[in-house]
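Read the structure below first, then the notes.
The values are calculated or read from the model by the stated rules, or taken from the named source; none is laboratory data. Not measured: the values here are computed from a predicted model. FYI the Cβ positions are ideal-geometry reconstructions off the backbone, even for glycines, and counts take in every protein chain you see.
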Amino acid sequence: MKALIKRLKQKFNISDPMYQRDNEVFITVKKEDAVSFITHMNKVEGFTHLVLLTAVDWLEDGKFQLTYLLNNNMEKMDVGVQVFLDREQAEMESIHHLWKQAPTYQRELKEMFGIDFPGSPRIDEPFILEGWQEIPPYRRDFDTKAYTEETYFPRPGRKTHDPAEYMKQKLYPEE
Amino acid sequence: MSKNDLDKRIVTGPDGKQFEVDPMQDYFCQERPKVHEPSANKIWEKFLNWARAESLWILGYGTGCGAIEMRPLMTPRFDAFRYGIQWRPTPRQSNVIVIGGYMSVKTLKRVIRSYEQMQGPKYVVALGSCTINGGMYWDSYNTINRLDKYLPVDVYITGCMPRPEALLAGFEELKKIIKKGKGEGQNLYAKNFDEYKANQKQIIKNWDMPDYNW
Amino acid sequence: MADINKYRDKFPDKNPDGTNIIDMESQKFIKIWQGPQHPGITGNMSLELIMQGDEVLECKTHVGYLHRGFEKLMERRLFIQNFPLCVRIAVPEPDFNEYCYAATLEELAGIKIPDAAEWMRTLILEMSRLTSFLMHLGGQAGAFGLGVVAQWSNYVRDLMLDRFEEISGGRIYRMHMPPGGVRGLTPDGFEARMEETLRTIESTMRDIDKTMFDNAIFKRRTVGLGYIDPAMVDEYGVTGPNARAAGIPKDVRKDYPYLKYPELDFDVITATESDVYTRTVLRREEILLSVDLIRQIMVKMPKSGEYMAKMPNVLHWKIPKGETYIRAECTRGEYGYYTVTDGSGYPRRVNVRGPSYTHAVALMERLAIDCNIADTAGLMLSLHTYPPEIER
């Protein structure tokens, strides 16, 4: 693993790797170099299996973090490539020419987070939801409990009488 | 089905003639459902209720988690065939629909279509706690919370999952209800048709079916 | 399979880039939905097929009927509250969810679980694989008309569920592997009852051999159907028995050993040609391998000891910031959980990688082309997909 990181650092401008286990590493790459880095890993270094492509919403920093998890089955190594995108203009180059399963992941990300991958086949077709009119649901500013209480008719719960609360109200009514 | 398939449009036939086609009017009937009164002869009605209760044919549609406990019912260990319960592949041949657990909005549209295509008298059995008040997914944006706002339910079977023995007890309860003459789910649906439709249309945003699928 | 290239001149014209020219108004094509209410679909998924005559020209899959928004719900609950929720993601085989979720939390928090707990987890995972394979075998036979195999295999699966009920109290959702260990070890007399169940399974497999695998009609219908090229395995991300049947030895239990698999003695099963018949034979071999592994585990497992590590108060448990990915070998392929924590009491993001994500959407659309309409159900079932884990 260390030899691989040394080789990659000479060629690309990547951050310091974070070693989670001996054979699992997370590297951060800039958005412009990301697709060429992934193509290099796929064709030259032998990371031929795309495990998953997902996104994490860091609302406080105003960023989306995309994670491409690549796996080399010969050497038994995992590399997680992290790319940070701006939250307002979430757009990224598509990798559908490398793997035929990538368009499915990209369709789901467009529908659930709102991250666009221009050029990916069938990117605008709804994948999971039908007739959805709100903001993309997996974003952190979408409140799912409030939406449920408004739209579906929740059954009101039982009235319980907590003795501690009742005594507190009786003895100290001004608090 | 894309939106274009159901629009009104002009079509060229194989022999070159042009004619106008309106699928929503041509292929679907626009009648509302009717209320069926029980027959005046009490003994005949009792006999009919006995016949309906002893041959409940279930639609084979596993809508959610609950479907996983339907398979052991078919096997010799919990044998449901001896009670007259069979699985049928189409709605036209069945008269009970078993809603197994949670229902997302997409599934609700298909279940309404299947339910309305079934022939009367028909009954709805709701499995699990997700149909009563939302269950474990009470705060999910894609699952419905109360089933009886959209479909008339006859029997609830509680559990998460209900065991096959609980399912058989639930069917026994349904049989008692039918024999007493109280299996009125279908008439309830026909009487309060507007209210059920309004609830359904409120959450199903892309409605491209007729009001009642005959 | 007949050589359809002989009839190619009757098929639709092709565009310059190879795609078909399909004109629905010309009444030569028919669009059929093999929809969610269908006995020949595994779970709740639908296929939109465009056909000419009997052959399928184009196939689109539609998923999303079982979407509950798990990943969003998990962000709103404490770590320990997520434990009964994550079980319901893959309904017929729920133990892999518990194991992967617990393993990611233990790795991020730095907790090591005791020895007896690891053996117990291995036993439960192997038993779960066995029940899932048995149910699938019944479904696969039912798609080609052999309903009796489904009755037998579901009956023996029921006997195995009885053993589960003895250990943990639940038939379907066992919830036996919380973060930190397991909830209990095996009760008294468990080995004798387990041995009896395993013997019943083996004798039923001999019956199924005579009925299904030596059946001329089954062989004629399935040999040559749904052929997966070894080059497609990396392009489409195929894992599990689908990839092993194509000759590529991918098995998470050998490549990235976890729990007590390094101490068990087994080989990776591969085959050379991946069509529906070979995949079914491979799954039958895996059933017998699971039976053998369970026997090995029952011999080597400690019968008593510590089974739960020392945990902090789970209602106020905070895990430091980090991210990790843990994988396990379930019956369908590689099952994984990717967890991101941020130092508070709630997980930041939990992503579930189900193997059916790649099999049922991209691979099925590729394999269904030029298939007969009577065989699409069997093809769909041979990829062994469970729709709940596609859309969670």
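To keep it simple, each residue is scored yes or no on (1) in contact (Cβ under 8 Å) with a residue 40 or more places away in the chain; (2) assigned to a helix (DSSP H, G or I).
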| position | (1), (2) |
| --- | --- |
| C:PRO187 | no, no |
| C:ARG193 | no, yes |
| C:GLU202 | yes, yes |
| C:MET205 | yes, yes |
| C:PRO257 | no, no |
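Can you tell me which residue in the stretch C:306-364 is surrounded by the most Cβ atoms within 10 Å (Cβ to Cβ), limited to those that are more than 11 Å from chain A (Cβ to nearest Cβ) and acidic (Asp, Glu)?
C:GLU329
Given the residues C:TYR335, C:TYR386, which is the only one that is in a strand (DSSP E or B), at pLDDT 85 or above, among the hydroxyl-bearing types (Ser, Thr, Tyr) and under 13 Å from the mean Cα position of the chain (by Cα)?
None of the others qualify; the one that does is C:TYR335.
Which one of these does A:SER94 not meet: (1) hydroxyl-bearing (Ser, Thr, Tyr); (2) without any contact (Cβ under 8 Å) to a residue 24 or more places away in the chain; (3) part of a loop (DSSP other than H, G, I, E, B)?
(2)
Conditions: (1) in a loop (DSSP other than H, G, I, E, B); (2) buried (at least 22 other Cβ atoms within 10 Å of the Cβ). C:GLY170 meets all but one. Number of the miss?
Going through (1) in a loop (DSSP other than H, G, I, E, B); (2) buried (at least 22 other Cβ atoms within 10 Å of the Cβ) one by one, C:GLY170 breaks only (2).
A quick yes/no check of all residues on (1) buried (at least 21 other Cβ atoms within 10 Å of the Cβ); (2) within 14 Å of chain A (Cβ to nearest Cβ); (3) closer than 24 Å to B:GLN86 by Cβ:
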| residue | (1), (2), (3) |
| --- | --- |
| B:VAL105 | yes, yes, no |
| B:PRO121 | no, no, yes |
| B:ALA126 | yes, yes, yes |
| B:VAL153 | no, yes, yes |
| B:ARG163 | no, no, yes |
| B:ALA169 | no, no, yes |
| B:GLN200 | no, yes, no |
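Quickly run through the stretch C:351-379 and pick out the residues that are of a type in the set (A, V, I, L, M) and either at pLDDT below 85 or assigned to a loop (DSSP other than H, G, I, E, B) (or both).
Result: C:ALA368, C:ILE369.
For A:LYS110, are the conditions met, namely being surrounded by fewer than 17 Cβ atoms within 10 Å (Cβ to Cβ) and either within 14 Å of chain B (Cβ to nearest Cβ) or not aromatic (Phe, Trp, Tyr) (or both)? Explain how you work it out, then say what you get.
Numbers: surrounded by fewer than 17 Cβ atoms within 10 Å (Cβ to Cβ): no; either within 14 Å of chain B (Cβ to nearest Cβ) or not aromatic (Phe, Trp, Tyr) (or both): yes.
Here the answer is no, as A:LYS110 does not meet what is asked.
Answer yes if at least one residue in the stretch B:177-194 is within 14 Å of chain A (Cβ to nearest Cβ), touching a Lys or Arg at 6+ places or on another chain (Cβ under 6 Å) and either modelled with pLDDT of 85 or more or buried (at least 20 other Cβ atoms within 10 Å of the Cβ) (or both), and no otherwise.
From the stretch B:177-194, those within 14 Å of chain A (Cβ to nearest Cβ) are none; that's our starting set.
No, the conditions are met nowhere in the stretch B:177-194.
With respect to A:VAL56, determine if the residue is hydrophobic (A, V, I, L, M, F, W, C) and more than 10 Å from every other protein chain (Cβ to nearest Cβ).
No.
Does C:GLU334 satisfy the criteria of being in contact (Cβ under 8 Å) with a residue 12 or more places away in the chain and either polar (S, T, N, Q) or touching a strand residue (DSSP E or B) at 6+ places or on another chain (Cβ under 6 Å) (or both)?
Yes; evaluated as a whole, the condition is true for this residue.
For the stretch B:140-157, indicate whether the set of residues that are modelled with pLDDT under 85, more than 18 Å from the chain's Cα centre (by Cα) and either part of a loop (DSSP other than H, G, I, E, B) or farther than 20 Å from B:GLY100 by Cβ (or both) is non-empty.
Within the stretch B:140-157 (the criterion being modelled with pLDDT under 85, more than 18 Å from the chain's Cα centre (by Cα) and either part of a loop (DSSP other than H, G, I, E, B) or farther than 20 Å from B:GLY100 by Cβ (or both)), the answer is no, since none of the residues qualifies.
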